1. Report, as an integer, the average count of C-beta atoms from other chains found within 10 Å of each Cβ along A:70-76.
2. Hey, can you grab everything whose amide H is under 5 Å from the amide H of B:L74? Only 5+ residues off in sequence or another chain; H modelled, so Pro and N-termini drop out.
3. In Å and on Cα atoms, what radius of gyration and Dmax does the stretch B:1-93 show?
4. Give the distance, in whole Å, between the Cα centre of the stretch A:29-105 and the Cα centre of the stretch B:36-68.
5. Rounded to the nearest Å, what's the spacing between the alpha carbon centres of the stretch B:85-112 and the stretch A:112-129? Just the number, please.
6. Sequence-distant or interchain residues sharing an amide H contact under 5 Å with B:L123, placed H: which?
7. Karplus couplings for the stretch B:83-96 from phi (6.51 cos²θ - 1.76 cosθ + 1.60, θ = phi - 60°), rounded to Hz, Gly and Pro as x?
8. Can you list the HN-Hα couplings for the stretch B:107-112, worked out from phi with the Karplus curve (6.51, -1.76, 1.60; θ = phi - 60°), rounded to whole Hz and with x for Gly and Pro?
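Every read-out reported here was derived from the displayed coordinates using simple, explicitly stated rules and does not represent laboratory data. Values in this document were obtained by computation on a predicted structure and should not be read as measured data. Cβ placement follows ideal geometry from the backbone for every residue including glycine, while neighbour counts extend to all protein chains displayed.
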Amino acid sequence: MRAALEMSSKPPFATPQAAEQAFYVAFEQNDLDAMLEVWAPIDSVLCIHPGGERLHGLQAVAESWRQIFGAGSTLSFELTLDQYTHTPDLAVHSVQERILVAGSLRGVVLATNVYEWLGDSWRMVSHHASPAPRESGDVAVPSQVH
Amino acid sequence: MDREPVFASPDEVEAAYYDAFQRADIDAMMAVWSEADHIVCVHPVGGYRLCGWRQVLEGWINVFARELDVLIRLSDVTKTLNGSLAIHSGLENIVRSKQPEVRGQVVFTNIYERTEAGWKMMLHHASPGPRPDVIGAPAGFATDYDPNQFH
């Protein structure tokens with residue numbers, strides 16, 4: 001009984017890192033339910049796919065994932081160069097996504113992921129992703145930035 | 001040199017940021033940024049990520065070396081304030097003041113943090129807005145993905 005109670009009170013994502021890992025696993029596995037489990041069930045969520053429009057609200061965000069997964073995504077991710085800033089209720093992760101298809105590098109994306117503690121779990125509230133130079137998401141030669 | 005300004009709110013930082021940007025004022029721009037090592041800046045041109053004070057400074061020196069002469073109007077801004085962090089997101093509508101027919105739209109996420117020296121910018125992520133024919137996820141996003149096609 002006690003074990004059952006502990007199980008039931010365990011937050012789905014006890015840390016921002018757990019939510020982030022679930023986000024990318026859901027993405028790799030084309031798992032819409034798991035993806036939507038990561039997102040905060042609130043209207044203020046934001047999602048910007050690389051080169052895409054700014055999606056505001058859970059309905060628009062969910063529809064975009066439906067489209068992506070419906071097309072049969074075959075992407076896998078390597079995350080590198082993480083920068084984390086955490087407060088008790090909010091976490092900001094800046095990550096570089098190396099995107100692989102069938103094991104070969106297809107592109108590099110920079111993502112700003114924001115997670116919020118909602119009382120029972122950390123959830124994603126914002127995902128802003130944009131294309132980065134393929135050689136590296138971080139600056140290599142500052143004079144070439146612009 | 002003037003004493004560094006102290007910003008009492010995320011909105012004050014944001015106003016100072018876009019004012020410094022439009023005036024191409026490097027001192028005013030860097031007064032906006034937190035001096036912490038974890039600051040991050042992603043400009044929409046090039047798409048590199050700049051981390052830490054020195055890279056962010058060099059990035060702005062490069063931007064301002066281009067004689068930008070831009071006017072920036074924000075739209076669709078949403079704001080979240082939670083303790084010592086604030087997240088603002090929206091669209092930057094950019095015109096060249098001498099070529100008003102040249103227009104661009106940039107999607108931004110600005111994150112501010114409360115420091116001992118007041119509110120400061122901690123992260124600026126800006127990326128090109130969608131092409132007119134792109135709705136939701138870009139075509140081919142899932143199956144034939146090449147982010148570099150957007151450059």
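1. Details: counts 1, 7, 2, 5, 4, 4, 0.
Across A:70-76, the average partner-chain Cβ count within 10 Å equals 3.
2. Answer set, sorted by chain and number: B:N93.
3. Reported Rg and Dmax, both Å: 13.4, 38.
4. First find each Cα centre; the distance between them is then 24 Å.
5. For the stretch B:85-112 versus the stretch A:112-129, the Cα centre distance is 23 Å.
6. Sorted by chain and number, the residues that satisfy this are B:V40, B:I111.
7. Calculated HN-Hα couplings, in order: x, 9, 10, 9, 10, 10, 9, x, 10, 9, 9, 10, 10, 7 Hz.
8. 8, 10, 10, 10, 10, 10
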